[in-house]
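Peer 1: A single structure is presented below for examination.
The values are calculated or read from the model by the stated rules, or taken from the named source; none is laboratory data. Just so we're clear, the structure is a prediction, and the values are computed from it rather than from any experiment. Positions of Cβ are generated from backbone atoms using ideal geometry, with glycine treated the same way; all protein chains shown enter the neighbour counts.
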Amino acid sequence: MQVRDVPENVVALLKRETSRNGLSLQKYLHDLLATRANMINNHELFDQAGAGLPEPDGDEAVKIIQWGREERDRKFGARQ
């Protein structure tokens with residue numbers, strides 16, 4: 001896969017971010033694309049599985065969001 005015509009300021013920003021986090025640009029972009037693909041897959045699964053189900057109440061929604069954040073931090077490191 002190749003990405004062309006990426007503005008130099010965007011490349012520089014990504015390189016600073018990856019350097020700060022001890023990642024290669026390749027690894028960072030790989031993880032970013034994999035995460036996005038998983039999100040698309042999750043949306044498809046939710047659409048199939050959640051058809052006609054009630055939405056979670058406020059307390060349950062908070063728990064789901066917290067769980068998602070903990071999983072993200074576990075996988076990618078805690079946010080600063």
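Peer 1: Anything in the stretch 8-45 that is of a type in the set (Val, Ile, Thr) and closer than 20 Å to residue 75 by Cα? List them, or say none.
Peer 2: Matches in the stretch 8-45: 18, 35, 40.
Peer 1: While we're looking at this one, here's another question. Under 7 Å by Cβ, and 6 or more places apart or on different chains, what pairs join a residue from the stretch 56-68 that is over 21 Å from residue 78 (Cα atoms) with one that is in a helix (DSSP H, G or I)?
Peer 2: So the pair list comes out as 56/64.
Peer 1: Among the helices (runs of 4 or more DSSP H) confined wholly to the chain, which include 1 or more residues that are within 15 Å of the chain's Cα centre (by Cα) and exposed (fewer than 11 other Cβ atoms within 10 Å of the Cβ)?
Peer 2: Result: 25-49, 58-76.
Peer 1: Among the candidates 45, 53, 33, single out the residue that is modelled with pLDDT of 85 or more and aliphatic (A, V, I, L, M).
Peer 2: Result of the check over 45, 53, 33: 33.
Peer 1: Further, regarding this structure: Does residue 5 fit the bill of being at pLDDT 95 or above and of a type outside the set (Ser, Thr, Tyr)?
Peer 2: Criteria met by residue 5.
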